[in-house]
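First comes the structure, then the notes that go with it.
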Amino acid sequence: MQALYAQLLVGLINGSFYALLSLGLAVIFGMLNIINFAHGAVYMMGAFAAYFLLNLGGINYWWALLLAPIIVGIFGMILERTMLQWLTGLDHLYGLLLTFGIALIVQGVFQNYFGSSGLPYAIPDQLKGGMNLGFMFLPVYRGWVVIFSLVVCIATWFLIEKTRLGAYLRAATENPTLVRAFGVNVPRMITLTYGLGVGLAALAGVLSAPINQVRPLMGADLIIVVFAVVVIGGMGSIMGSIITGFALGVIEGMTKYFYPEASNTVVFVLMVLVLLVKPTGLTGRAA
Amino acid sequence: MVETATAQAPAKTASGGNILQVRNLEAWYGESHILHGINFDVNAGEVVTLLGRNGAGKTTTLKSIMGIIGKRTGSVKFNNQDIIRTTSDKIARMGIAFCPEERGIFSSLDVRENLMLPPVVRPGGLPLEQIFDLFPNLKERLNSQGTKLSGGEQQMLAIARILRTGANFLMLDEPTEGLAPVIIQQIGHTIARLKKEGFTILLVEQNFRFASTVADRYYVVEHGKIIDGFSNAELAANMDKLHTYLGV
């Protein structure tokens with residue numbers, strides 16, 4: 001039983017990363033109509049930003065949680081202003097190629113300076129140690145990652161579904177021309193949305209640094225699974241991407257316990273099944 | 001969340017003076033040249049109607065004024081300021097509001113969110129009570145999904161949401177299209193009341209029987225040009241010509 005709970009926890013942690021990343025992808029896809037293949041690279045940049053902040057600036061984990069997403073978000077907004085905005089109205093393929101190219105360049109640059117091995121990032125003192133829950137031992141940091149990710153996901157959902165700013169965002173996703181003709185600066189909103197999506201990925205990167213170390217290819221490995229998550233959940237829905245992210249993390253963890261040989265493929269098998277039955281994904285709307 | 005805008009009607013600009021001046025306006029959709037030099041004026045407080053057959057360029061004229069047609073040349077002056085190179089968000093903030101033919105109700109927003117969506121661009125918009133007074137149906141359906149409303153209710157919502165913003169120059173593109181006579185009548189009353197409140201309205205209509213109940217002046221659009229214009233008083237005398245223009 002101990003092993004089952006342990007795998008469940010691993011699943012929830014991976015699910016947290018899947019949820020934060022696929023949430024950002026869904027937000028970006030809605031507004032920019034771009035499938036952001038650079039998402040893994042900005043996730044990695046978030047982890048590196050935390051690493052640099054600590055080792056060059058002496059800035060601790062807590063500040064990194066705030067600053068790394070902002071720094072990487074600004075990087076994303078510069079990308080959007082200088083490159084992505086020119087793809088408006090073109091086929092998805094161009095956005096895919098451009099963001100994939102950006103991801104390769106960013107990862108290549110980091111690999112050139114840092115190789116492929118991991119750099120250590122220590123768990124902050126306040127989150128060290130563990131708790132004995134009776135039925136299992138819970139490392140505090142891992143519990144923190146799950147709860148904090150959940151809070152961030154819910155807050156993002158609330159922002160988009162329940163606030164006035166979110167109403168602009170949803171309306172502009174449907175008909176940007178009309179929203180702009182009402183007096184809303186839609187191009188600026190698109191830039192900020194890309195910054196938000198990228199910032200969420202960077203935040204996931206910071207959270208992951210103490211668990212998975214900081215590696216140039218950490219995002220490249222993860223993003224393939226995240227895209228499968230997005231395909232299963234459907235691109236259109238915010239809540240859908242959050243729930244699917246956590247659920248698939250757990251399913252993956254359970255598979256590790258019950259049938260470990262399939263744990264790396266279970267998400268892709270599910271993706272194939274969903275595509276066969278409901279090509280727009282479980283919660284998605286037709287593109 | 002109820003906005004408390006001041007209950008004043010928008011002030012008449014320059015006491016009936018010229019508010020919109022369109023000169024030699026040309027516009028393109030991609031490669032196709034739609035407008036070939038449109039010239040007309042709208043005075044403050046007037047209801048002016050653009051008449052013409054399908055594809056004549058009426059909607060394109062409105063969209064060009066609103067700044068949502070990519071390529072446009074000539075001059076569009078709003079309150080003596082040329083807006084031909086201005087982006088649509090800035091045009092909206094100068095006080096022009098647009099109600100598109102397809103109504104543009106957002107399906108991912110409920111009725112309340114649709115109604116509150118356009119930002120207030122200047123003081124003097126209608127307060128919500130007055131809007132619900134004009135369109136009582138909307139008040140009962142505030143929590144419905146925007147696109148679950150009937151066609152008539154969607155049209156009312158599309159008009160209602162631009163009355164809140166304080167824009168005093170409204171462009172309505174075929175507000176009666178596809179609606180039942182009783183609803184057309186309600187929209188007619190609304191336009192008459194808005195005129196009384198001091199709004200200036202540029203209307204596009206195919207239904208000139210409806211237009212004749214609200215309009216002060218008419219322009220006839222054909223092949224991307226204004227080919228005729230007359231006042232409501234001259235309507236009877238121009239009826240034969242109008243039948244030929246519109247092919248009815």
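The values are calculated or read from the model by the stated rules, or taken from the named source; none is laboratory data. This is a predicted model, so every value here is computed, not measured. Virtual Cβ from ideal backbone geometry, glycine too; neighbours counted across all protein chains shown. Surface areas here come from the heavy atoms of the whole protein model, side chains and all, with no ligands, DNA or RNA. Shrake-Rupley method; radii C 1.70, N 1.55, O 1.52, S 1.80 Å.
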Q: Test B:Gly55 against the criterion of being farther than 19 Å from B:Ala167 by Cα, open to solvent by 10 Å² or more (accessible area, probe 1.4 Å) and not β-branched (Val, Ile, Thr), and give yes or no.
A: yes
Q) Any chance the range B:35-56 includes a residue that's under 17 Å from the mean Cα position of the chain (by Cα), among the basic types (Lys, Arg) and either on the phi > 0 side of the Ramachandran plot or more than 10 Å from every other protein chain (Cβ to nearest Cβ) (or both)? A) no
Q) Which of (1) farther than 22 Å from B:His33 by Cβ; (2) modelled with pLDDT of 95 or more is the odd one out, the single condition B:Ser64 does not satisfy? A) (1)
Q: List the helices (runs of 4 or more DSSP H) that sit entirely inside the range A:1-107 and contain at least 1 residues that are modelled with pLDDT under 95 and under 24 Å from A:Ile123 (Cβ atoms).
A: A:2-32, A:39-57
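Please pick out the residue among A:Leu20, A:Leu25, A:Leu12 that is aliphatic (A, V, I, L, M), closer than 16 Å to A:Asn212 by Cβ and under 13 Å from the mean Cα position of the chain (by Cα). It would help to see each step written out before you state the result.
Numbers: A:Leu25 fails: closer than 16 Å to A:Asn212 by Cβ; A:Leu12 fails: under 13 Å from the mean Cα position of the chain (by Cα).
That would be A:Leu20, the only listed residue that is aliphatic (A, V, I, L, M), closer than 16 Å to A:Asn212 by Cβ and under 13 Å from the mean Cα position of the chain (by Cα).
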Q) With B:Gly104, B:Gly125, B:Gly166, B:Gly178 as the choices, which residue is outside any helix (DSSP H, G or I), open to solvent by 30 Å² or more (accessible area, probe 1.4 Å) and either within 13 Å of another protein chain (Cβ to nearest Cβ) or without any contact (Cβ under 8 Å) to a residue 40 or more places away in the chain (or both)? A) B:Gly178
Q. Is it true that B:Ile65 is in contact with a Lys or Arg (Cβ under 8 Å, 6 or more places away or on another chain), under 20 Å from A:Ala181 (Cβ atoms) and aliphatic (A, V, I, L, M)?
A. no
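State the number of residues belonging to the range B:67-91 that are among the small types (Gly, Ala, Ser), open to solvent by less than 60 Å² (accessible area, probe 1.4 Å) and in contact with a strand residue (DSSP E or B) (Cβ under 8 Å, 6 or more places away or on another chain).
If we filter the range B:67-91 for residues that are among the small types (Gly, Ala, Ser), which is where we start, we get B:67, B:70, B:74-75, B:88.
Now narrow it down to the ones that are open to solvent by less than 60 Å² (accessible area, probe 1.4 Å): B:67, B:74-75, B:88.
Restricting the remaining residues to those that are in contact with a strand residue (DSSP E or B) (Cβ under 8 Å, 6 or more places away or on another chain) gives B:74-75.
Residues in the range B:67-91 being among the small types (Gly, Ala, Ser), open to solvent by less than 60 Å² (accessible area, probe 1.4 Å) and in contact with a strand residue (DSSP E or B) (Cβ under 8 Å, 6 or more places away or on another chain): 2 in total.
Yes/no matrix, rows are residues, columns are (1) over 30 Å from B:Arg93 (Cβ atoms); (2) out of contact with any Ser or Thr (no Cβ under 8 Å at 6 or more places or on another chain):
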| site | (1), (2) |
| --- | --- |
| A:Gly129 | yes, yes |
| A:Asn132 | yes, yes |
| A:Leu138 | yes, yes |
| A:Val151 | yes, yes |
| A:Glu161 | no, yes |
| A:Ala171 | no, no |
| A:Val184 | no, yes |
Q. Do you know which residues across the range A:239-273 are among the aromatic types (Phe, Trp, Tyr) and either in contact (Cβ under 8 Å) with a residue 60 or more places away in the chain or open to solvent by less than 70 Å² (accessible area, probe 1.4 Å) (or both)?
A. A:Phe246, A:Tyr257, A:Phe268
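Conditions tested, residue by residue: (1) under 23 Å from B:Asn80 (Cβ atoms); (2) among the hydroxyl-bearing types (Ser, Thr, Tyr); (3) at pLDDT below 95; (4) not in a strand (DSSP E or B).
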{"residue": "B:Pro10", "(1), (2), (3), (4)": "yes, no, yes, yes"}
{"residue": "B:Gln21", "(1), (2), (3), (4)": "yes, no, no, no"}
{"residue": "B:Leu35", "(1), (2), (3), (4)": "yes, no, no, no"}
{"residue": "B:Val48", "(1), (2), (3), (4)": "yes, no, no, no"}
{"residue": "B:Ala56", "(1), (2), (3), (4)": "no, no, yes, yes"}
